[in-house]
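Have a look at the structure below before the remarks.
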């Protein structure tokens, strides 16, 4: 396991980044023309309600002090009230977040299931016709917008063949494996194209490397060489890649949740934008930033655990 | 559409024999042909499209592909082929305008922070960390939410985020070039900083940026059409592929051609950019690797 | 005839279907229904958006009910009486009515609910502005009014006066009534309507179950509703919502895009319903003498506004936008509104007459007009394309300006537009609401047009305290005539509510006001 010191230093690195993230989000509402309190309130808010919002945001104070209020409110979980939902933003987001987390993990699992075997297959036949065909296919996958992949899957697998529901959300964990299959697959087809491309490249490199050649020369069976040496190395790059592609994944959920009527935070973001619900937009943007940076952090930790050499760096 | 899909920085190479080597690569030729054709369609849609893309024809509603309408017609009898062709103009513009300013700003900023380093570089590092902490699409649509939907606002939103990626790439290249002998020689000769940066370092650092730009234009089309589909990008009745797909969404079971054809256009154009980008990357990469 | 006493027997017969049903109703079962948007808070007082408003009466009954052809029927009050001076309303409550938890519905609950509904902070408080006090005595409730109010009985049949249980409601915590309402809703409210809320996963699904204590009887003489359960799924995407219905995952889907109505009507497994609505689509024309920039406004001339109306081929627009499901407007108000007058479509297509009117108004050599439309609205963009082609013929050069909804509202308020698209649906079964909105200058300058007609304004003010229904009808007739002649709007069309149901679902109704009524719906097995 990584040392406590490493974890601490990595955690501390997040602090300045996050302060800057907060500055961006803080400025967001202040860039709107007019009074930020009005932007953050319901259309028919009374003067008293506006005064409460001013108080909470400290709008009469200098900008730096306002930022202090913003950080304090955010850290204590007070993200304001959603105009659309008429409830605290934090509450609304927490209600929808599990859906998106489920969908993302499902998509990650599917991308690995699709990409790993194909990458291995292609890498062991590098530059052969099978390799070229697989790479070509994924190049096409990379050129397709996620919403379009979703539409095709929905029409063909959902509406025509009736293999999966055409949208919505299930009632239980197991039920959702079925309900969210198409949205997860839509995201997975895109991310697996990226994963497969990079995984193949790193596998080719490992297969060419001296220690694999050496292991082969020693007469170790091909299967053992593959599992012990090659896959372990490939795993490191796969984890890194998946961790770094969390942004892609989140962008993907935003689109597919809309196409498939999945009630997660991605669809909520679009609903908030069309309703001009600025407190909710702000809260959601922050939520996405938290998800991404936590994933980056987790990736670093897992990576250094899998590959101890990195810890010295 | 993030950090991942970036191409490994390649070193510059002499142009001699470039064309000859390029012409031997089928990927390069295919990409070049696709983009050439796309550019023609984008520049002269009026001459090429068989019908007016906006004119309703109530006598030809939702007709399947035929000789008169090779891609069929939509719910108002508009010719889908003509709409897809006119959309080349919008989408190719998107590919260009959503990326070119980001590239120019990124090149300049990246070159400056890479050359001078110090506090500016440290701040820049934090900005990069903060920007990549937002999913690209989320940040872009949040900015569109403030500015309002529309093409120009979309360019502004994408540029506001995207320049960071160019700057990061340029900075890394400039740092590498700065360590080279010729840069030290230029200093000894007493050239001004501006001259060293823009006449010596940048030309040597630019080719990976150009390669990345190619890929990025494909990504811009994906992003722009997604925003169009979601109602945050180009606005109807303008023909844009994402908007066309959204329009055909309702008829996907009965008149599939309305949404299928613009989708194919996206894939083919995107493929053109990636093929060209990938083969440029290979061609510009130093030999012996 | 100053007294209006509801004939009790007639009302009872009216609730029964006109013809004997071909098949007997079947009880029990669950119906699933795909909605276009989710409810936030289903509460009579704080319901603000349509997805909230249209669900309220499933959970909370009102004292009076809207019946066939706009007539009022008894509800929780079996009798009502208006005093001779029109300032006192006396309601006699039905005996033996219980809330869903089995507790008796008393006059105290009614007073409590009406007092809540009067809250001026609530979005609908102004509907009860004429009420000065509500008192209970035994099973009688008395409303005192400042002045006679012809709309008050309709208000007592409107969702915002739904009856909530005082005791259960007051147990809730909350700094103000809005927070209490949210807490009451979240706790699974005690209801007076045909259904109870069993579950609500926000953004995803909502489940109503049968209220076993509901008072109204069905055709079989047993209490309504027939269904045990209604399962709602939230599917905002039109195409997905329809696919869910076609694949049998749900039994009904609302807000079918008009472009799909013909196709779904032809589907043998579906019953495509077009319920008459009070929804109108129109375009306010800026009728002020000068534009916002100070220049002369050609649209201030009524002949120019008439010309634009004549130059608009409504039937073509109805075909293009509503796929022939819509109807041309025949008056300022939707045809389903009480006191609607006008049998002919306003301004039939007549480009020659339009041209003559423009000439008469001294407009020569073209006129530049900007149409402000909603960004992202396919209907608006179709409308613009069609109008542009139609008006070219009379020398009007139409340009488009696409804005989002808040900006459009802002332009409407500040008068910085030529013509913009707009829609309306009645919330209450009375003509005052729509007439005030569209034509009364003191209410937001006649839908932002700046049209200020003294005769119309006076007529409207008189009608607001007129208690004689015949005189009131006359006043409304006159107002509709003036409005049609003056044309401060581009009169466009009315649209129905398009709902597609599985063949097994019967007697589901969406009212002209939009309310989703599941109380008499049933499912054949």
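Laboratory data are not the source of any read-out in this text; all were calculated from the coordinates shown. Keep in mind the model is a prediction, meaning the values are calculated, not measured. Positions of Cβ are backbone-derived with ideal geometry, glycine not excepted, and every protein chain shown enters the neighbour counts.
For the pair residue C:140 and residue A:91, label points projected 7 Å from Cα toward Cβ lie 4.3 nm apart. A straight chain from residue A:307 to residue A:113 at 0.36 nm per residue would run longer than the Cα-Cα distance by 67.6 nm.
Under the simplified labelling scheme, the residue A:73-residue A:174 pair shows an inter-label distance of 4.5 nm, with each label point 7 Å from Cα along Cα→Cβ.
Reducing the stretch B:152-198 and the stretch C:411-439 to their Cα centroids gives an inter-centroid distance of 57 Å.
Given a Förster radius of 51 Å and the C-beta distance between residue B:256 and residue C:359 as r, what FRET efficiency does 1/(1 + (r/R0)^6) yield to the nearest 0.05?
Values: r = 49 Å, r/R0 = 0.97.
The value I calculate is 0.55.
Spin-label model, residue B:100 to residue C:465: label points 7 Å out along the Cα-to-beta-carbon direction sit 6.9 nm apart.
Descending by average beta-carbon neighbour count within 10 Å, the peptides B:180-189, C:319-328 line up as C:319-328, B:180-189, the highest first.
Out of all Cα-Cα pairs in chain B, roughly what percent, to the nearest whole number, are more than 35 Å apart? Tail of P(r) above 35 Å: 28 percent of Cα pairs. Among the residues of C:248-255, the average count of other protein chain beta-carbon atoms within 10 Å of the residue beta-carbon is 1.
Taking every DSSP helix (H) stretch of at least 4 residues in the protein assembly as shown, weighting each as -39,500 (n - 2.57) and dividing the sum by the residue count yields a mean residue ellipticity at 222 nm of -16000 deg cm²/dmol.
Helix C:469-486 sits at what angle to the longest principal axis of chain C, using alpha carbons and giving 0 to 90 degrees rounded to 10? Approximately 30 degrees, to the nearest 10.
Hey, got the average number of other protein chain Cβ atoms within 10 angstrom for residues in B:239-247?
Details: counts 0, 0, 2, 3, 3, 0, 4, 5, 3.
For this peptide, the per-residue mean of nearby foreign Cβ atoms is 2.
Across all Cα atoms of the protein assembly as shown, the radius of gyration (one decimal) and Dmax (whole number) stand at 32.8, 111 Å. Per residue, the convex hull spanned by the Cα atoms of the stretch B:186-289 measures out at 135 cubic angstrom.
The packing ranking of peptides C:385-398, B:79-92, highest mean first, is B:79-92, C:385-398, where packing means the average number of other beta carbon atoms within 10 angstrom of each residue. Relative to one another, the C-alpha centroids of the stretch C:92-160 and the stretch C:265-342 are positioned 36 Å apart. When the convex hull of its Cα atoms is viewed from all sides, the stretch A:1-148 shows a mean projected area of 14.9 nm². Neighbour counting of Cβ atoms within 10 Å sorts the residues A:174, A:246, fewest neighbours leading, into A:174, A:246.
Of C:149, C:101, the sequence from fewest to most neighbouring Cβ atoms within 10 angstrom is C:101, C:149. Would you mind getting me the FRET efficiency between residue C:441 and residue C:170? Use the beta-carbon distance for r and R0 = 41 Å, nearest 0.05. Efficiency computed from Cβ-Cβ geometry: 0.45. The mean number of partner chain beta-carbon atoms within 10 angstrom of a residue's beta-carbon across peptide A:269-276 is 6. Among C:314, A:218, the order by Cβ neighbours within 10 angstrom, fewest to most, reads A:218, C:314. Compared with the dominant principal axis of the Cα atoms in chain B, helix B:80-116 is inclined by about 10°.
Beta bridges per DSSP, both residues in chain C: antiparallel share near 75 percent. Sorting C:491-498, C:256-263 by average packing, meaning the other beta carbons within 10 Å per residue, from highest down gives C:491-498, C:256-263. Size of the stretch C:278-496: Rg and Dmax of its alpha carbons, in Å, are 16.5, 51.
Which parts of the stretch B:194-209 would a label at residue A:201 reach, counting a residue when its backbone N lies under 18 Å from a point 7 Å out along Cα-to-Cβ? Correct set: B:207-209. The translational diffusion coefficient of the stretch C:34-157, from Stokes-Einstein at 20 °C and 1.002 mPa s with a Kirkwood hydrodynamic radius over alpha carbon pairs, comes to 140 µm²/s.
Rounded to the nearest 0.05, what FRET efficiency is calculated for residue C:343 and residue B:210 with R0 set to 60 Å and r the Cβ-Cβ distance? Efficiency computed from Cβ-Cβ geometry: 0.30.
The alpha carbons of chain C stretch over 74, 58, 48 Å along the principal axes, in descending order.
Secondary structure note: in the protein assembly as shown, about 75% of the DSSP beta bridges are antiparallel. For chain A, the gyration tensor built on C-alpha atoms gives an oblate shape. Its axis ratio a/c (a ≥ b ≥ c) is at least 1.5, and a/b is not larger than b/c.
Between 0 and 90 degrees, the angle of helix A:89-124 with respect to the longest Cα principal axis of chain A falls at about 20 degrees.
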